[in-house]
Each structure stands twice: as structure tokens, then as C-alpha cells.
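Some notes on the structure that comes next.
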Amino acid sequence: MDLFEYQGKQYFARYGIPTSAGAVADTVEEAVEAAERVGYPVVVKAQVQVGGRGKAGGVKLAANRDEVELHAGNILGLDIKGHVVRRLWIEHATDIAKEYYASFTLDRAAKLHLAMVSAKGGVEIEQVAEEDPGAIARRHVNPLDGLTIEEARGLVIEAGLDAEAIEKAAEVLVSLYRCYVEGDADLVEINPLVLTPDGRVHALDAKVTLDDDAAWRHPEWSEFEGTGEIDERERLAKEKGLQYIGLDGSVGIIANGAGLAMSTLDVVNQVGGAAANFLDIGGGADADVMANALEVINTDAKVRAILVNIFGGIVRCDEVARGILAALDRVELSSPIVLRLDGTNAAQAREIIAERATDQIISEATMLSAARRAVEVAAS
Ligand code: GDP
Ligand code: MN
């Protein structure tokens, strides 16, 4: 679950990471009220879950009431990379001497946490990584050892932070690590982490992604629910108990087993297509599950072809084929469906499908040929 900046800052505050005083506002009037409470000058900030708000005109300084009205009016409703601004965060403006970068995330390949610190903050870190990779100090942190203040200090020194920022930045880093680990986040990022002219160090931005698998031990996370930007397809899938993740391509995917579903995405990609989703229907590919899966995929306007990839191990393909046909009687497809049924009783399955085959129901023998066909159909 991704948090909005204002939620991320509230999360940071629990772990003692310094942030500016602020308040949320959903209207221009609320923005003015918030600004009066927080004290001028303020920064009016778009709350959308996408980076680069500053460049897109979603972050503006306001010295007085008129300026707050102007900027709040302009930013509310603004479309930032496809995200429409519905909420603002108004915070007391900070004088900036320097902008730095700090983050923790999981390096899955190394099976360790990864800390990254840079003296070049305020711009997107991907850009720094490309143009000046040496400007980012990286260090793996073994979860069994944790991060000591000495190590944090070493890291900020290596990153080239200014002398007067080192001690406080190291403290922020230790707090940020605690927030990341104890707060069960997959990612915590501060960009920019600023040094003020009077020598304070604090977080001007917050990006926090919580680990959904840890939600059971964080009843307090319920306050973040319902405020996120929800993918309508994912909402429906969740309601139907399906393992679904929305993507951007045009080939809808249904597979049994997470591994097979992942491989299906890869093969579609390999033959020049792009998957519209990940969907694992698990072991029971019966008519109900299949109908639910097709309904979810049908709500995706980008889908131009549906690829069903089932390997019959315990589940028998002939049963799956009957399930699919029964589902097709219940759901009106908005795009052609390509079926690849292999494994136990695959031959019978293909016969069952063959009786019903049309140019909307296509059967293919292999995963590769099915993927090719689906990509072809999606492109036609
Ligand atoms: P992003 O563009 O989505 O990453 O939004 P940020 O919250 O990082 O803000 C973008 C930029 O706006 C920052 O890098 C700062 O340069 C500037 N900014 C944000 N808050 C303040 C503030 O309180 N004072 C000043 N002077 N600039 C700010
Ligand atoms: Mn930022």
C-alpha cells in the first residue's frame, strides 16, 4: 500500500523524523484555514501518488491568503501524469540551504536491506543514478545487525553531505531505518531531506510503501485504507477473491498458479505484447472462478485479447474446459479468448473446446503459440 505524502509524514513523525507542521485541505477554503493555522509562508502541495509534482506545478509557495487561494484553486483538479488532485497538504514553508536524498528499500537479489543517501536531492533519484551514479552512497544493511549511528554517520559522510548536516542526517537515517523495519515498509524515501540555513535537518517530502503482508500486525493501518487511489479492476478482483494485479498492456491473462501466471506475462512480453494484468486463479479452475476472472478482465477497457493459460496437474483440463464454456455462457466477452490447456486430459479438453470454437474462442496447443496468437489478436 502506497501512502500519500501527508500520511507518509505522519508515519515518519511516529519514529521521530522531523517534518514541517501542516494540515490537509480538500477545498480552497480549507486550504486557507489550514494556512492560517500553520502560519505563512506556506507550501501548497498536491497529494497524488506520483513523483515529480514540483515540476508539474503541484508544489507552490504561498506568502499570504491571496496566494494560497490562487495556488489551491489551480492545483485542485490538476492532472499530474494521469492522477487528478483531490487533496492538498498545506505546510509551513522551510528555508532550504541544501537538498539531500535518503531511502531504505529491500534488495531482493542480495536478500538485504539497501540504504541509499545522496547529497544530490530534490531531483529524481533515477536521474542522479543515470547522470552521476557516484553521487549516490549505497550500503546493504543486514536485518540481523540493524543500522548503528556510526554506520549511518559513515554513510552520510561517504555521500558527501555538508559537515553541519552530518550528525542530524545520521540521526534521521537511524530513525528512518526504524520506521522502515518496525513500520513494516517496503520503501521509505525522503527526497528532499533538507538542511536549513539555521542547521536543522528535516524531511520535506515522504514516500512510504507499506508491506501489505504485514497489515495483520498493524491495526492502525486501517486509517490509511480507503484514502488510496484504487484501481477499479483490483477492487472488483479483491471483492471476488481473485489474486489480481492490474498492469497497462492489452492482453488479459488468466493462469493457474502464480509461477505460471508470471511466466505467461514473460512469454507475452517476449513475443512483443504486453499483459493487461496478472491473474492467478489457483487450483480450482471451475466455472465460477473462471466467470469471475473473465468479468474482472472485461472491465478493463485496454484489453484487446484474453489469454487463458492452464496447466492441468491435479486439476483436469477437460473439467477446466467445461468450466470455461460454462463461464462463457454467463459472461459476454468483450474481446476474443485464446486458450492453452495442457497437462492432464488436455486432448479431451481441446475436443470440448473445438466443438465451440469460433473466431472469438481460439485454442492453441502450446504456451508460446497461444501467446503469439493472443498478441496478434490484440494488435489487430
Ligand atoms: P515532488 O516534486 O513530487 O518530489 O515534490 P517535493 O515535495 O519533493 O517538492 C518539490 C520541490 O519543491 C522540492 O525539491 C523543493 O525544492 C520545493 N519545496 C518543497 N517544499 C518546500 C519548502 O517548504 N520551501 C521551499 N523553499 N521549497 C520547497
Ligand atoms: Mn520529492
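Ordered by the count of other Cβ atoms within 10 Å of each Cβ, fewest first, HIS202, HIS218, HIS71 give HIS218, HIS202, HIS71.
Please give the charge dipole size of the chain, origin at the Cα centre, charges +1 on K and R Cβ atoms and -1 on D and E Cβ atoms. Round to the nearest 20 debye.
580
Compactness check for the chain: Cα Rg over 2.2 N^0.38 Å is 1.20.
The modelled label-to-label distance for the pair ILE157/ALA301, using points 7 Å beyond Cα in the direction of Cβ, is 5.7 nm. For the pair GLU234 and LEU114, a Förster radius of 41 Å applied to the C-beta separation gives a FRET efficiency near 0.90, rounded to the nearest 0.05.
Among the GluC sites (Glu not before Pro) in region 179-249, those located in a DSSP loop and surrounded by at most 14 other Cβ atoms within 10 Å of their own Cβ are GLU225, GLU229. Counting only Cβ charges, +1 for Lys and Arg and -1 for Asp and Glu, the dipole size of region 232-379 around its Cα centre is about 160 debye.
Here ALA258 and ILE314 are evaluated by their C-beta separation; at R0 = 22 Å the FRET efficiency comes out at 0.90. Can you give the local net charge around LEU247? Use residues other than it whose beta-carbon is closer than 11 angstrom to its beta-carbon, Lys and Arg +1, Asp and Glu -1. Here the count lands on -2. Approximating the spin labels as points 7 Å out from Cα along Cα→Cβ, the ASN142-to-LEU247 distance works out to 3.6 nm. For region 289-333, rounded, prolate or oblate, judged on the Cα gyration tensor with a ≥ b ≥ c (square roots of eigenvalues), a/c < 1.5 rounded, else prolate if a/b > b/c? Prolate, since a/c reaches 1.5 and a/b exceeds b/c.
Using C-alpha pairs below 8 Å separated by at least 6 residues, the relative contact order for the chain is 13 percent. Extending 7 Å from the Cα toward the beta-carbon at both GLU130 and SER380 defines two label points whose distance is 3.7 nm. Over the residues of the chain, the helix contribution to mean residue ellipticity at 222 nm works out to -11000 deg cm²/dmol, using -39500 (n - 2.57) for each DSSP H run of at least 4. Dipole orientation for the chain: of the candidates ALA62, GLY343, SER175, GLY343 has the Cα lying most toward the positive pole (charges on Cβ; Lys, Arg +1; Asp, Glu -1). Can you give me the Cα centroid spacing of region 279-343 and region 45-109 in angstrom? One Cα centre to the other: 43 Å. Overall shape: rounded for region 232-379, with the ratio a/c of the largest to smallest alpha carbon gyration tensor axis below 1.5.
Any read-out appearing in this document is the output of simple, stated calculations on the displayed coordinates, not a laboratory observation. What you are looking at is a predicted structure, and each value in this text was computed from that prediction instead of being measured. As a convention, Cβ positions derive from the backbone with ideal geometry for all residues, glycine included, and neighbour counts pool all protein chains shown.
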